[in-house]
Each structure stands twice: as C-alpha cells, then as structure tokens.
Amino acid sequence: MIHIKKRMRYEPEEEQNLQIYLTKVAEQLNSLFVDSMIFPVIFGRHDELQGLFTSSLSAASYFRLFEIMCYPVAVTGGIGIGEWTVRMEDGTSAQQQGTAYDRAEEAVKTVSKKKTQRLRIHSSREDGMANYLLNVSKDMLSAQNSIQNRLQLIAEILYPFVENRTWIRFENHGLRLLTLKENFGPAKQMVDKIAKVPEQTISWKKNVYVQEPIFITGEKKEGEEAVILKNVSSSIAVTAKKSRQNVETIMKRGKLLTIRIMDYMALQYIKRYY
C-alpha cells in the first residue's frame, strides 16, 4: 500500500492534476512490473494506492521508483507479507482480503507515526532490521532538489536494480517514465513551486537503454562494487545532455550513488530473508 502525504494544501485543479499524474505513473510501473504482479497497483482512495505482488522484493522495488517519480510529493508505504484468503479473481486489489492486506495496512499506519521511516515491511517475524535498511536513504532522497531527482531517475533506468530478466522491460518503459516525469506540465509546475529551483529541460535520447542491470540475488556483496560502475556519470551525462563534470557535481551534492548503495543493500537483504 502507498499513501500520498499532503504536505501542502492543493487547490482543486492541482489536486486533480496530481491524481492524473500519479495514475499515469502507476500505469507505467504496472507495465514494468507486470511479471511480478497478481493485481496491478490502483487507487483505492484518493490518497492511497494498493496492489498485490508475488514477492516482497518486487513490492519494495516498485515503491522505490514510485517515490522517485512522485517528487516533490512525499509518499509512505507498507508491505504486508501473509495470506491471500478472500480471492475476487475478476476484481481489483482493493477487493481482496487476507493477512497480507491487514499487515500492509498496519504497516502504513505505523510508518505514519515514525519520523525516520517512509516504508515498512510487516510479516510474521521480527522485521526491525529490514525496516531499518529500507529507510536509511530516506533523508538523503527527500533532501534532493528537482535536478538531482531527475538524475536519480536516469540512474535507475540506465542501471536498474533487477531480480531477473525483467530488466529487459526497462528497455521499453525507461524512456516512457523519463518522458512522463519531464513533460507532464502540472507535475513540472509543482516541482517549481515546491522545490523553488530553476526549471531545466532535459532532452532525452530517442532510445534510452539499459547500460548494465544490477542483479539483486540475495548474496552478500559490497554495495560499492555493485553500484559504482565504470562510466556511470558519463552515461547519465549523455542522456541528460549535460557535461560529465556537471553531472558528477550534481550527483555528489544529491548523494545519488550513496542512496543507491544503501537501497541496493536493503533490497539484497529483502531478497535473502523475505
């Protein structure tokens, strides 16, 4: 479950535009994660989305990209691991029931009371370590400005964290996500209004493609070795139509690689133990 936090009061038109934008984001991510979904993520209420995944790793990965796409609007999330007992197979995720849904709802309620968390996992075990790791990058990510956030998204598309051959889907959906993020007018206006940084147009390549997938296997591996790959800043610079030096400065100030290392280790933990 994902909850949209209302950090500011939106006018009715802004509220509608935000709903449209987030619906489009969910549709794109649903297509990207279709192989690991039982029910696609949809709006249950005006400020809440929910879906049913085949694995906790897929749910956590989905939330990561959704959060980056949502900037500067803050979101919180809950992942429930449990049974799916009431099955409306021709219905939507909102019509299903079971301990997985109960625990996801409880996780969302709990995370709303936490100052250092934006995502929680709730299972039948002790989830303290998982919840710590899922949130270590929270403050760094939320402190980014809109330009740093855009480069973060480009990095996620060019060097995606993937579980298996689903990385091939990034070839088809990467450009769509980048174009949606850049060109959706109301979302750009909200970025300017909240982040208060000059708008810069990024000219996407006609074919945004995966440079190198980073596989989440559950194995113990150094985060830096997995994430800091050769020519990362150069590849991002080509896509963003910026100089490599400029991109490296933006990445350093936005702690882009540090965020990805932290999240890589969190996803490895989730894969290994959940």
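A quick yes/no check of all residues on (1) in contact (Cβ under 8 Å) with a residue 60 or more places away in the chain; (2) closer than 25 Å to L175 by Cα; (3) in a helix (DSSP H, G or I):
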position	(1), (2), (3)
K6	no, no, no
Q16	no, yes, yes
G51	no, yes, no
L57	yes, yes, yes
Assess whether I68 counts as being under 26 Å from Q268 (Cβ atoms), of a type in the set (A, V, I, L, M) and surrounded by fewer than 20 Cβ atoms within 10 Å (Cβ to Cβ).
no
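Any idea which residue in region 71-90 is surrounded by the most Cβ atoms within 10 Å (Cβ to Cβ), counting only those that are closer than 24 Å to K113 by Cβ and of a type in the set (V, I, T)? Give the steps one after another, and end with the answer.
As a first pass, look at region 71-90 and keep what is closer than 24 Å to K113 by Cβ: 71-82.
Of the ones still in play, those that are also of a type in the set (V, I, T) are 73, 75-76, 79, 81.
Details: V73: 20, V75: 19, T76: 22, I79: 29, I81: 19.
Top of the filtered list is I79.
Being surrounded by fewer than 18 Cβ atoms within 10 Å (Cβ to Cβ), among the small types (G, A, S) and either closer than 20 Å to E163 by Cβ or in contact with a strand residue (DSSP E or B) (Cβ under 8 Å, 6 or more places away or on another chain) (or both) narrows it down to one of S58, S31, S93, so name that one.
The unique qualifying residue is S31.
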Working only within region 115-132, note down all residues that are surrounded by 11 or more Cβ atoms within 10 Å (Cβ to Cβ) and either modelled with pLDDT under 95 or aromatic (F, W, Y) (or both).
R125, Y132
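The values are calculated or read from the model by the stated rules, or taken from the named source; none is laboratory data. Not measured: the values here are computed from a predicted model. Heads up, the Cβs are rebuilt from the backbone with ideal geometry, glycines too, and the neighbour counts pull from every protein chain shown.
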